[in-house]
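Inspection log for the structure reproduced underneath, given as C-alpha coordinates.
The values are calculated or read from the model by the stated rules, or taken from the named source; none is laboratory data. Predicted model only: the values in this text are computed from it and were never measured. Cβ atoms come from the backbone with ideal geometry, glycine included; neighbour counts cover every protein chain shown.
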Amino acid sequence: MSGQLVREGYSGTGPGAITPDGCAVELYTRLPVRDEPDVIEAAVPAGAHILELGCGVGRVTHPLIERGFRITAVDESPQMLERVRGARTVCSPIESLDLGEETFDVVMLGSFLVHAGDPGVRDGLLRTCRRYVRDGGVVLLQREGADYHVPRERTDPGGHTVRIVSSEPVGDGVRSVRAEYEFPDARWTQTFRSRPLTKEEFEGHLEAAGLKVDRCLTDDGIWVRAVPV
(Lines give C-alpha, C1' and ligand atoms only; values in the text may rest on other atoms or scores of the structure.)
Protein backbone atom coordinates (compact mmCIF):
# COMPACT_ATOMS: atom_id res chain seq x y z
CA MET A 1 0.00 0.00 0.00
CA SER A 2 1.14 3.54 -0.53
CA GLY A 3 2.40 5.28 2.55
CA GLN A 4 5.50 6.02 4.54
CA LEU A 5 7.15 3.83 7.14
CA VAL A 6 9.31 5.74 9.60
CA ARG A 7 11.67 3.84 11.85
CA GLU A 8 12.04 5.10 15.42
CA GLY A 9 14.21 4.03 18.32
CA TYR A 10 16.22 1.48 16.36
CA SER A 11 19.72 0.69 17.57
CA GLY A 12 21.17 -0.25 14.19
CA THR A 13 23.02 2.00 11.79
CA GLY A 14 21.68 3.75 8.70
CA PRO A 15 18.07 4.58 7.80
CA GLY A 16 17.34 1.24 6.12
CA ALA A 17 15.93 0.67 2.65
CA ILE A 18 12.54 2.24 1.85
CA THR A 19 10.55 0.94 -1.12
CA PRO A 20 8.89 3.17 -3.76
CA ASP A 21 5.54 2.93 -1.92
CA GLY A 22 7.09 3.85 1.44
CA CYS A 23 7.61 0.45 3.10
CA ALA A 24 10.61 -0.29 5.30
CA VAL A 25 12.28 -3.46 4.02
CA GLU A 26 13.64 -4.36 7.43
CA LEU A 27 10.20 -4.32 9.02
CA TYR A 28 8.88 -6.79 6.48
CA THR A 29 11.78 -9.17 7.11
CA ARG A 30 10.62 -9.33 10.74
CA LEU A 31 6.91 -9.96 10.22
CA PRO A 32 5.89 -13.58 10.89
CA VAL A 33 4.05 -15.92 8.60
CA ARG A 34 0.47 -16.33 9.77
CA ASP A 35 -2.17 -18.66 8.27
CA GLU A 36 -1.76 -17.51 4.66
CA PRO A 37 0.11 -20.60 3.41
CA ASP A 38 -2.54 -22.90 4.90
CA VAL A 39 -5.37 -20.90 3.32
CA ILE A 40 -3.67 -20.82 -0.07
CA GLU A 41 -2.67 -24.49 -0.08
CA ALA A 42 -6.25 -25.55 0.67
CA ALA A 43 -7.65 -23.42 -2.18
CA VAL A 44 -5.46 -24.34 -5.16
CA PRO A 45 -4.16 -27.50 -6.87
CA ALA A 46 -1.01 -29.11 -5.47
CA GLY A 47 2.12 -27.91 -7.23
CA ALA A 48 0.32 -25.05 -8.99
CA HIS A 49 2.30 -22.25 -10.63
CA ILE A 50 1.41 -19.11 -8.66
CA LEU A 51 1.89 -15.53 -9.80
CA GLU A 52 2.33 -13.66 -6.52
CA LEU A 53 1.69 -9.94 -6.98
CA GLY A 54 3.33 -7.74 -4.35
CA CYS A 55 5.49 -10.48 -2.86
CA GLY A 56 7.60 -8.20 -0.65
CA VAL A 57 10.52 -10.02 0.98
CA GLY A 58 8.96 -13.46 0.41
CA ARG A 59 7.20 -13.84 3.74
CA VAL A 60 4.50 -15.99 2.10
CA THR A 61 6.56 -16.97 -0.95
CA HIS A 62 9.06 -19.08 0.95
CA PRO A 63 6.60 -21.34 2.82
CA LEU A 64 4.67 -21.88 -0.41
CA ILE A 65 7.85 -22.99 -2.17
CA GLU A 66 8.53 -25.38 0.71
CA ARG A 67 5.09 -26.89 0.08
CA GLY A 68 5.90 -27.63 -3.56
CA PHE A 69 4.42 -24.64 -5.38
CA ARG A 70 6.20 -22.85 -8.21
CA ILE A 71 6.21 -19.11 -7.69
CA THR A 72 6.74 -16.13 -9.97
CA ALA A 73 7.16 -13.32 -7.47
CA VAL A 74 6.48 -9.72 -8.52
CA ASP A 75 7.34 -6.56 -6.63
CA GLU A 76 8.31 -3.04 -7.66
CA SER A 77 11.07 -2.88 -5.03
CA PRO A 78 14.44 -4.43 -5.95
CA GLN A 79 15.38 -4.23 -2.26
CA MET A 80 12.43 -6.46 -1.39
CA LEU A 81 13.16 -8.92 -4.19
CA GLU A 82 16.77 -9.30 -3.03
CA ARG A 83 15.37 -11.19 -0.02
CA VAL A 84 13.34 -13.67 -2.09
CA ARG A 85 14.86 -17.13 -2.53
CA GLY A 86 13.81 -20.06 -4.68
CA ALA A 87 11.34 -18.17 -6.88
CA ARG A 88 11.52 -16.52 -10.25
CA THR A 89 11.42 -12.78 -9.50
CA VAL A 90 10.16 -9.90 -11.62
CA CYS A 91 10.72 -6.25 -10.65
CA SER A 92 7.74 -4.25 -11.90
CA PRO A 93 4.74 -2.26 -10.75
CA ILE A 94 1.79 -4.63 -10.74
CA GLU A 95 -0.41 -2.43 -12.92
CA SER A 96 2.14 -2.35 -15.77
CA LEU A 97 3.42 -5.92 -15.47
CA ASP A 98 4.33 -7.34 -18.88
CA LEU A 99 4.89 -11.10 -19.08
CA GLY A 100 3.79 -11.43 -22.67
CA GLU A 101 1.28 -14.21 -23.30
CA GLU A 102 2.18 -16.15 -20.15
CA THR A 103 -0.67 -17.27 -17.87
CA PHE A 104 -0.78 -18.97 -14.48
CA ASP A 105 -2.80 -21.54 -12.57
CA VAL A 106 -3.15 -19.08 -9.69
CA VAL A 107 -2.78 -15.30 -9.40
CA MET A 108 -2.50 -13.98 -5.87
CA LEU A 109 -3.09 -10.38 -4.76
CA GLY A 110 -2.50 -10.21 -1.00
CA SER A 111 -1.52 -7.46 1.44
CA PHE A 112 -4.95 -5.78 1.09
CA LEU A 113 -3.77 -4.19 -2.18
CA VAL A 114 -7.29 -4.34 -3.57
CA HIS A 115 -8.08 -1.48 -1.15
CA ALA A 116 -5.71 0.94 -2.89
CA GLY A 117 -6.90 4.50 -2.29
CA ASP A 118 -6.55 5.42 -5.97
CA PRO A 119 -9.36 3.68 -7.91
CA GLY A 120 -7.24 3.73 -11.04
CA VAL A 121 -4.55 1.75 -9.27
CA ARG A 122 -7.09 -0.73 -7.88
CA ASP A 123 -8.62 -1.30 -11.29
CA GLY A 124 -5.15 -1.75 -12.78
CA LEU A 125 -4.30 -4.38 -10.16
CA LEU A 126 -7.46 -6.33 -10.94
CA ARG A 127 -6.91 -6.12 -14.69
CA THR A 128 -3.46 -7.62 -14.17
CA CYS A 129 -5.01 -10.45 -12.16
CA ARG A 130 -7.44 -11.20 -14.96
CA ARG A 131 -4.85 -10.89 -17.70
CA TYR A 132 -2.52 -13.50 -16.21
CA VAL A 133 -4.90 -16.13 -14.82
CA ARG A 134 -5.35 -18.99 -17.26
CA ASP A 135 -8.78 -20.27 -18.27
CA GLY A 136 -9.85 -22.58 -15.47
CA GLY A 137 -7.44 -20.92 -13.03
CA VAL A 138 -8.21 -18.92 -9.90
CA VAL A 139 -7.40 -15.54 -8.38
CA LEU A 140 -6.86 -15.25 -4.62
CA LEU A 141 -7.47 -11.87 -3.03
CA GLN A 142 -6.98 -10.62 0.52
CA ARG A 143 -9.61 -8.15 1.77
CA GLU A 144 -9.75 -6.02 4.87
CA GLY A 145 -11.55 -7.51 7.85
CA ALA A 146 -14.70 -5.98 9.32
CA ASP A 147 -12.73 -4.36 12.17
CA TYR A 148 -9.79 -3.22 10.08
CA HIS A 149 -10.46 0.49 10.64
CA VAL A 150 -11.23 0.19 14.35
CA PRO A 151 -8.35 1.21 16.66
CA ARG A 152 -7.01 -2.00 18.17
CA GLU A 153 -3.89 -3.81 19.33
CA ARG A 154 -2.64 -7.36 18.89
CA THR A 155 0.47 -9.30 19.80
CA ASP A 156 1.77 -11.37 16.92
CA PRO A 157 3.83 -14.58 17.07
CA GLY A 158 7.34 -13.65 18.10
CA GLY A 159 6.09 -11.11 20.61
CA HIS A 160 5.89 -7.89 18.63
CA THR A 161 2.87 -5.61 18.94
CA VAL A 162 0.78 -4.20 16.09
CA ARG A 163 -1.53 -1.25 16.73
CA ILE A 164 -4.04 0.47 14.48
CA VAL A 165 -3.82 3.89 16.08
CA SER A 166 -6.33 5.76 13.93
CA SER A 167 -8.35 5.62 10.72
CA GLU A 168 -9.62 9.01 9.57
CA PRO A 169 -11.71 9.87 6.49
CA VAL A 170 -9.89 12.08 3.98
CA GLY A 171 -12.61 12.33 1.31
CA ASP A 172 -14.02 10.32 -1.59
CA GLY A 173 -14.45 7.23 0.55
CA VAL A 174 -10.74 7.01 1.39
CA ARG A 175 -9.33 6.76 4.92
CA SER A 176 -5.88 7.63 6.24
CA VAL A 177 -4.71 4.80 8.51
CA ARG A 178 -1.91 5.08 11.05
CA ALA A 179 -0.34 1.85 12.27
CA GLU A 180 2.50 1.09 14.69
CA TYR A 181 4.74 -1.97 14.85
CA GLU A 182 6.69 -2.35 18.07
CA PHE A 183 9.52 -4.82 18.66
CA PRO A 184 11.79 -5.10 21.70
CA ASP A 185 14.56 -3.25 19.83
CA ALA A 186 12.71 -1.17 17.23
CA ARG A 187 9.47 0.61 16.42
CA TRP A 188 7.99 1.64 13.08
CA THR A 189 5.02 3.85 12.28
CA GLN A 190 3.17 3.72 8.99
CA THR A 191 0.52 5.99 7.51
CA PHE A 192 -1.24 4.87 4.36
CA ARG A 193 -4.50 5.41 2.50
CA SER A 194 -7.12 2.72 2.17
CA ARG A 195 -10.50 2.58 0.47
CA PRO A 196 -12.94 0.33 2.40
CA LEU A 197 -15.17 -1.70 0.10
CA THR A 198 -18.55 -3.19 0.80
CA LYS A 199 -19.19 -6.72 -0.41
CA GLU A 200 -21.20 -5.28 -3.31
CA GLU A 201 -18.49 -2.78 -4.24
CA PHE A 202 -15.79 -5.43 -4.07
CA GLU A 203 -17.74 -7.82 -6.29
CA GLY A 204 -18.60 -5.00 -8.69
CA HIS A 205 -14.94 -4.10 -9.19
CA LEU A 206 -14.11 -7.75 -9.78
CA GLU A 207 -16.90 -8.01 -12.35
CA ALA A 208 -15.61 -4.93 -14.17
CA ALA A 209 -12.22 -6.65 -14.44
CA GLY A 210 -13.73 -9.89 -15.77
CA LEU A 211 -13.73 -11.84 -12.52
CA LYS A 212 -16.38 -13.18 -10.17
CA VAL A 213 -16.27 -14.46 -6.60
CA ASP A 214 -16.17 -18.24 -6.37
CA ARG A 215 -16.16 -18.52 -2.58
CA CYS A 216 -14.74 -17.12 0.63
CA LEU A 217 -11.77 -19.09 1.92
CA THR A 218 -11.91 -17.92 5.53
CA ASP A 219 -14.81 -17.45 7.92
CA ASP A 220 -13.98 -13.75 8.31
CA GLY A 221 -14.15 -13.20 4.54
CA ILE A 222 -10.61 -11.83 4.38
CA TRP A 223 -9.44 -14.34 1.77
CA VAL A 224 -11.57 -14.76 -1.34
CA ARG A 225 -11.20 -17.00 -4.39
CA ALA A 226 -12.35 -15.58 -7.71
CA VAL A 227 -12.52 -17.09 -11.20
CA PRO A 228 -12.49 -15.60 -14.70
CA VAL A 229 -15.88 -14.79 -16.15
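Which members of the range 135-156 meet the condition of being more than 30 Å from PHE183 (Cα to Cα) and touching a strand residue (DSSP E or B) at 6+ places or on another chain (Cβ under 6 Å)? Steps first, answer last, please.
Just the residues of the range 135-156 that are more than 30 Å from PHE183 (Cα to Cα), to begin with: 135-140.
Scanning the range 135-156 gives GLY137, VAL138, VAL139, LEU140.
Considering only the range 31-43, I want to know if a residue exists there that is basic (Lys, Arg), crowded, with 16+ Cβ neighbours inside 10 Å and in a loop (DSSP other than H, G, I, E, B).
Restricting attention to the range 31-43, the residues satisfying the condition of being basic (Lys, Arg) are 34.
Within this subset, residues satisfying the condition of being crowded, with 16+ Cβ neighbours inside 10 Å are none.
Within the range 31-43 (the criterion being basic (Lys, Arg), crowded, with 16+ Cβ neighbours inside 10 Å and in a loop (DSSP other than H, G, I, E, B)), the answer is no, since none of the residues qualifies.
Six or more apart or on different chains, Cβ atoms under 8 Å: show the pairs whose first residue is in the range 58-73 and part of a strand (DSSP E or B) and whose second is buried (at least 24 other Cβ atoms within 10 Å of the Cβ) and polar (S, T, N, Q).
ILE71/THR61; ALA73/THR61
How many residues are surrounded by 14 or more Cβ atoms within 10 Å (Cβ to Cβ) and touching a residue at least 12 places away in the same chain (Cβ under 8 Å) when one looks only at the range 162-208? Break it down stepwise before answering.
Start the filter on the range 162-208 by keeping residues that are surrounded by 14 or more Cβ atoms within 10 Å (Cβ to Cβ), which leaves 162-165, 167, 174-183, 186-197, 202-203, 205-207.
Keeping just the survivors that are touching a residue at least 12 places away in the same chain (Cβ under 8 Å) gives 162-165, 167, 174-183, 186-197, 202, 205-207.
Residues flagged as surrounded by 14 or more Cβ atoms within 10 Å (Cβ to Cβ) and touching a residue at least 12 places away in the same chain (Cβ under 8 Å) within the range 162-208 amount to 31.
When you go through (1) at pLDDT 95 or above; (2) closer than 21 Å to GLU36 by Cα one by one for GLU207, which number turns out not to apply?
Just one mismatch for GLU207, condition (2).
Scan the range 89-109 residue by residue and report those that are over 19 Å from GLU41 (Cα atoms) and either of a type in the set (S, T, N, Q) or not in a loop (DSSP other than H, G, I, E, B) (or both).
Here is the first cut: in the range 89-109, the residues over 19 Å from GLU41 (Cα atoms) are 89-103.
Within the range 89-109, THR89, VAL90, CYS91, SER92, SER96, THR103 qualify.
I need a count of the residues in the range 176-202 that are charged (D, E, K, R) and under 18 Å from the mean Cα position of the chain (by Cα). Write out each step before concluding.
From the range 176-202, those charged (D, E, K, R) are 178, 180, 182, 185, 187, 193, 195, 199-201; that's our starting set.
Next, from what is left, pick out any that are under 18 Å from the mean Cα position of the chain (by Cα): 178, 180, 193, 195.
Adding up the residues that qualify gives 4.
Filter the range 110-135 down to residues that are free of Cβ contacts under 8 Å to residues at least 60 places away in the same chain and either part of a strand (DSSP E or B) or within 18 Å of GLY221 (Cα to Cα) (or both), then give me how many there are.
1
If you scan the range 65-82, which residues turn out to be over 22 Å from ARG122 (Cα atoms) and touching a helix residue (DSSP H, G or I) at 6+ places or on another chain (Cβ under 6 Å)?
Selection gives ARG67, ILE71, GLN79.
What residue, of VAL133, VAL139, VAL114, is within 17 Å of LEU211 (Cα to Cα), in contact with a Cys (Cβ under 8 Å, 6 or more places away or on another chain) and surrounded by 19 or more Cβ atoms within 10 Å (Cβ to Cβ)?
VAL139
Limited to the range 137-160, what total is found for residues that are in a strand (DSSP E or B) and modelled with pLDDT of 95 or more?
Residues of the range 137-160 that are in a strand (DSSP E or B), as a first pass: 137-142, 152-155.
Now drop any that are not modelled with pLDDT of 95 or more, which leaves 137-142.
Final tally of qualifying residues: 6.
All but one of (1) surrounded by 10 or more Cβ atoms within 10 Å (Cβ to Cβ); (2) within 20 Å of the chain's Cα centre (by Cα) hold for PRO151; which doesn't?
(2)
For every residue, the table says whether it meets (1) under 17 Å from the mean Cα position of the chain (by Cα); (2) over 20 Å from SER96 (Cβ atoms).
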| position | (1), (2) |
| --- | --- |
| LEU109 | yes, no |
| PHE112 | yes, yes |
| ALA116 | yes, no |
| ASP123 | yes, no |
| CYS129 | yes, no |
| ARG134 | no, yes |
| VAL139 | yes, no |
